[in-house]
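Worksheet: the structure to be examined is printed underneath.
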Amino acid sequence: MTAKHVIAIDGPSGVGKGTVALAVAEFLGSTYIDTGAMYRTLAWKAISEGLSVDNESQMERLATQSNFVFDGGRILIDGHDATEKIRTPEIDNAAAKIAQLPQVRTVLVDRQRAFAEDGNVVMEGRDIGTVVLPDAAVKIFLDATPNERALRRLRDKGRGSTETALVDVARALEERDHVDRTRSVSPLTKAADAILVDTTNISIGGVVERVLSIVKEKCS
C-alpha cells in the first residue's frame, strides 16, 4: 500500500466526519470510503432478509458474501443503492450491534484495507487511524463539544432545535459514544499520531480547509 495518499479521519458521531471526508476526497480526486456505512448497509441487508443482527455467524457469512461499492457519497451493496435506506433509527441500532461482533469486524476491516490498496483514499470512521489503516500518512481526529454535535445532528435530521429535542439527541449521542469507546473490539480512540481538529464553532468549509492544509503539510 502506498501511504502517500491514504488519509484516515476518525471521530465520534455528529462531528461532521462524513461531510468533511467527502469534501476532502472530492478536492483531492480520491475515493471516499465511509466505513460506518458498511455496517449500516450490512444491517439493512440483514433486516431485509429476515436475519438476526445478533447472530455472529450469520452476520459474518453475510459480510463475506456481500459486495460493497462506493460511488462518491453513495454506497451500494450487491448492486442495490442503500444510501438513503440506511439513515434510520432502526438501522442505527442494528449497525451498532453488528459493529460489536469481532468476526464481522475482521471481515469488514479486510475489505476496508483492500479499498485503500491503491493508496488514494480518504477513509472515515471510528477506528481507521488505530486499527484499519495504522500506517496512513495522514491521521485526523475530528471532535466537537457535545452541545455542538447534538445541534448538528438535529440539523441533519431536519428537526427544530428545541430544548427537549436537543436533550434527547445529546443523550443518544452520549449512549453511542459510550458503546463506541468501551467496546472490546476496535474502540473509538484517537491514534497517538493523529492530529486533533476541534470543529466547534467552525464551518464545514473551515474544517475542510484545515484538513487540506494538514494533508498538504504531511504529503508534500
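The values are calculated or read from the model by the stated rules, or taken from the named source; none is laboratory data. This is a predicted model, so every value here is computed, not measured. Reconstructed Cβ throughout: ideal geometry from the backbone, glycine too, with neighbour counts over all protein chains shown. Only protein heavy atoms, including side chains, enter the accessible area calculation; ligands, DNA and RNA are left aside. Shrake-Rupley method; radii C 1.70, N 1.55, O 1.52, S 1.80 Å.
Can you pull out every residue in segment 79-124 that is in contact with a Phe, Trp or Tyr (Cβ under 6 Å, 6 or more places away or on another chain) and in a loop (DSSP other than H, G, I, E, B)?
ALA82, LYS85, ILE86, ALA99
Go through the residues of segment 144-158 one by one and say whether even a single one is surrounded by 15 or more Cβ atoms within 10 Å (Cβ to Cβ), at pLDDT 95 or above and touching a helix residue (DSSP H, G or I) at 6+ places or on another chain (Cβ under 7 Å).
Checking segment 144-158: not a single residue is surrounded by 15 or more Cβ atoms within 10 Å (Cβ to Cβ), at pLDDT 95 or above and touching a helix residue (DSSP H, G or I) at 6+ places or on another chain (Cβ under 7 Å).
Restricted to segment 69-78, and to residues that are assigned to a strand (DSSP E or B) and more than 14 Å from the chain's Cα centre (by Cα), which residue is nearest to LYS45 (Cα to Cα)?
Our first condition is that a residue be assigned to a strand (DSSP E or B); within segment 69-78, this holds for 69-71, 74-77.
In the following step, the residues that additionally are more than 14 Å from the chain's Cα centre (by Cα) were identified as 69, 71, 76-77.
Numbers: VAL69: 14, ASP71: 18, LEU76: 11, ILE77: 8 Å.
Among those residues, the one meeting the criterion is ILE77.
Considering only segment 12-29, state which residues are assigned to a loop (DSSP other than H, G, I, E, B) and either of a type in the set (Asp, Glu) or modelled with pLDDT of 95 or more (or both).
So in segment 12-29, the residues assigned to a loop (DSSP other than H, G, I, E, B) come out as 12-16, 29.
The answer is none; no residue qualifies.
Which residues, taken from segment 1-51, are of a type in the set (S, T, N, Q) and in contact (Cβ under 8 Å) with a residue 12 or more places away in the chain? If you could, list the steps in order and put the result at the bottom.
Start the filter on segment 1-51 by keeping residues that are of a type in the set (S, T, N, Q), which leaves 2, 13, 19, 30-31, 35, 41, 48.
Passing the criteria: THR2, SER13, THR19, SER30, THR31, THR35, THR41.
Within segment 80-94, is even one residue of a type in the set (S, T, N, Q), within 17 Å of the chain's Cα centre (by Cα) and open to solvent by less than 60 Å² (accessible area, probe 1.4 Å)? Let's see the steps before the verdict.
At the first step, the residues of segment 80-94 found to be of a type in the set (S, T, N, Q) are 83, 88, 93.
Filter once more, keeping what is within 17 Å of the chain's Cα centre (by Cα): 83, 88, 93.
Of the ones still in play, those that are also open to solvent by less than 60 Å² (accessible area, probe 1.4 Å) are 83, 88.
Scanning segment 80-94 turns up at least one residue that is of a type in the set (S, T, N, Q), within 17 Å of the chain's Cα centre (by Cα) and open to solvent by less than 60 Å² (accessible area, probe 1.4 Å).
One line per residue, one yes/no per condition, for (1) within 24 Å of PRO187 (Cβ to Cβ); (2) touching a helix residue (DSSP H, G or I) at 6+ places or on another chain (Cβ under 7 Å):
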residue: LEU62; (1), (2): yes, yes
residue: GLN65; (1), (2): no, no
residue: ASP71; (1), (2): no, no
residue: ASP81; (1), (2): no, no
residue: ASP92; (1), (2): yes, no
residue: ALA95; (1), (2): yes, yes
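For LEU42, state whether it is open to solvent by less than 10 Å² (accessible area, probe 1.4 Å), in contact with a Leu (Cβ under 8 Å, 6 or more places away or on another chain) and farther than 26 Å from ALA137 by Cβ.
Working: open to solvent by less than 10 Å² (accessible area, probe 1.4 Å): yes; in contact with a Leu (Cβ under 8 Å, 6 or more places away or on another chain): yes; farther than 26 Å from ALA137 by Cβ: yes.
Yes.
Which of the residues that make up segment 184-220 are loosely packed, with under 14 Cβ neighbours inside 10 Å and among the hydrophobic types (A, V, I, L, M, F, W, C)?
ALA192, LEU196, ILE204 - these are the residues of segment 184-220 that are loosely packed, with under 14 Cβ neighbours inside 10 Å and among the hydrophobic types (A, V, I, L, M, F, W, C).
Taking GLU49 and the conditions (1) in contact with a Lys or Arg (Cβ under 7 Å, 6 or more places away or on another chain); (2) open to solvent by 50 Å² or more (accessible area, probe 1.4 Å), which numbered condition does it fall short on, given that it satisfies the others?
If we test GLU49 against (1) in contact with a Lys or Arg (Cβ under 7 Å, 6 or more places away or on another chain); (2) open to solvent by 50 Å² or more (accessible area, probe 1.4 Å), just (1) comes out false.
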